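The block underneath contains the structure these notes are about, expressed in structure tokens.
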Amino acid sequence: MSYLTVDRHASSAMKGSSEDIKENNEDLEVDNSKSVLLKIATLYAEQLMSDLTLEVAGVGYPAHRLILCASSEVFQVMLMNREWSEWRESRIVLQETPTAAAVFPHFLKYFYTGLIKISHETVLPVLSLADKYNVKDLVTLCLEYMSQHIAQAAKRGHLITWMQYTMACGHNDVAKACQNFVKWNLEWVWAECELSELEADTLLALLHHSDLVLHNEMTLYRFAVRWLNKQRERIADAGLSEAETKQHWDTLVSDVFSHVRFPMMCPKQLAKLLLCPLTQEHKEFFMERMAIAMSYQSGQYERVAEVQSTEGGRMLFTPRLYTEDTWGSVVGVDNFHSLPSYHTRTFIFSTRRAIADHSQDINEWTVDLYPKGVWFRKSLLIVWAGTYDVPEVVLRTVRISITCQNCPEPDDEQMDEPDVRVKIGILVWGVQKGVEHVSSVVERVHRFSSQNRVLNIDGALDFDELNTPLYTPPTTPECHSPAARRTSRCPKCSEAADNPEPRHLLGPNMDQLRIQVIIVPLTDYCHVETTG
């Protein structure tokens, strides 16, 4: 930013130092940067004094070497290094993709004005140009836009391409945010995305994860079939020989379904798979997989132990985060802001003690949700040595307390205390720019026993963020519009529009809290990455 300094020092150099200090304090800095930027922008708009033309897709764009070198490290090397042929050329042809070529004039104009319009459709080609020419400030702007519009990108079918590009280019923070959104909102993203855009390596990386949130494993099988049908069309159009086509197709089917966890399907679901055309087409592969699944479901653990000792074998017997009623429950809290401090919401449900179908035992759970903090009142503790005062304690935390109500009791013949080993998933719904989705997931692996029946989970939601001052919808519709409410800034008066919307409160009045607790059983054959 440029500054124009106006010196009002009118005194003589012969005056005393005290008077000099007084006069110096009256110096005034005037910000005239807008005028200077306007002059630079005029060079671009009126094509004045250009000394170089950039040609993109047959269109010439007059430019200035000085501006290009100041904005881009790549242009700086290209235009100032004598080892590059471009340094002496007056017309340089740039090879860009069609989508990048479409936004190139806006990209170039940014060098002169610092202004650029970005949308869901244009942010990726603009980012690709900023990456290619190493325009670091524009890269940062594009990544910030993407991180703030992930839910909208999913709704409009762009999220898969965003995720794959940022993963490939090492934009790890945005790539991880995109990947988490896909994992935790899998069925919704798949319904909206263009399956042909999902690359095989990306799909296989996703299928490897155990924190995928989906109804059940059968849901994943159906998606894999849909994706493979799209790939079959692409392979048919690739011009391969019949033998090459068959080899490529067989390899693809094997790679994808090796990551589908058939033992997590019940016998009825496995029986339905026998009638699927893909199963008939690759009968030997699928029969082996379903035989492993039936061994697990029927309790033939010698065969299971053989499989789990092979590479990747443990993953087959590791449950994901299944949302069907068998494994958890949703709790909703309405009128959140009117709840008193230290409010407790309790809900009760049961889950099966094992995924294997031969086991019909159930676990009974009580979940206490403390969205407004936890208060332990002052009390007396009476023990054999006397009575002690227990002081009052207040915890500023959102606590989820999970109690196993029917832990097995030890008997006299057991050396070790029996326990219930489970993976717990806490799904927290949120909203981004009006789009509701699962915004975060907390996982815990825990062993409940008769001596350890309760697990307290803090930090699934940020207490201070959730319990902000009341969100007040705008009362002046002609000024603070719904758009301002979503962005927390009014486009007409450029002032903050009340309070920004909280991320984890849903509904038209932003006063609904929704979480889901999933509890899936674990065995000694599981692969577990998370501990708790």
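The values are calculated or read from the model by the stated rules, or taken from the named source; none is laboratory data. Keep in mind the model is a prediction, meaning the values are calculated, not measured. In this analysis, Cβ positions are derived from the backbone assuming ideal geometry, glycine residues included, and neighbour counts consider all displayed protein chains.
Just a few scattered comments:
- Region 166-198, subset in a loop (DSSP other than H, G, I, E, B) and farther than 21 Å from L143 by Cβ, residue modelled with the highest pLDDT: L198
- Close pairs from region 326-349: first without any contact (Cβ under 8 Å) to a residue 24 or more places away in the chain, partner surrounded by 15 or more Cβ atoms within 10 Å (Cβ to Cβ) and among the charged types (D, E, K, R), Cβ under 6 Å, at least 6 apart: T346/D368
- Failed item, numbered, when E311 is tested on (1) free of Cβ contacts under 8 Å to residues at least 40 places away in the same chain; (2) surrounded by fewer than 16 Cβ atoms within 10 Å (Cβ to Cβ); (3) in the same structural domain as N509 (by TED's automatic domain parsing): (3)
- Only one entry in H343, H337 is assigned to a helix (DSSP H, G or I) and under 30 Å from F463 (Cβ atoms), namely H337.
- For region 363-381, filtered to residues that are of a type in the set (A, V, I, L, M) and surrounded by 14 or more Cβ atoms within 10 Å (Cβ to Cβ), the residue that is farthest from D464 (Cα to Cα) is V367.
- Of the helices (runs of 4 or more DSSP H) lying entirely inside region 114-160, those containing at least 3 residues that are touching a strand residue (DSSP E or B) at 6+ places or on another chain (Cβ under 8 Å) and modelled with pLDDT under 95 span 150-155.
- Condition met for E194 (at negative phi, in contact (Cβ under 8 Å) with a residue 24 or more places away in the chain and exposed (fewer than 14 other Cβ atoms within 10 Å of the Cβ)): yes
- When the criteria are applied in full, T279 fails the requirement of being touching a strand residue (DSSP E or B) at 6+ places or on another chain (Cβ under 9 Å) and either in a helix (DSSP H, G or I) or at pLDDT below 90 (or both).
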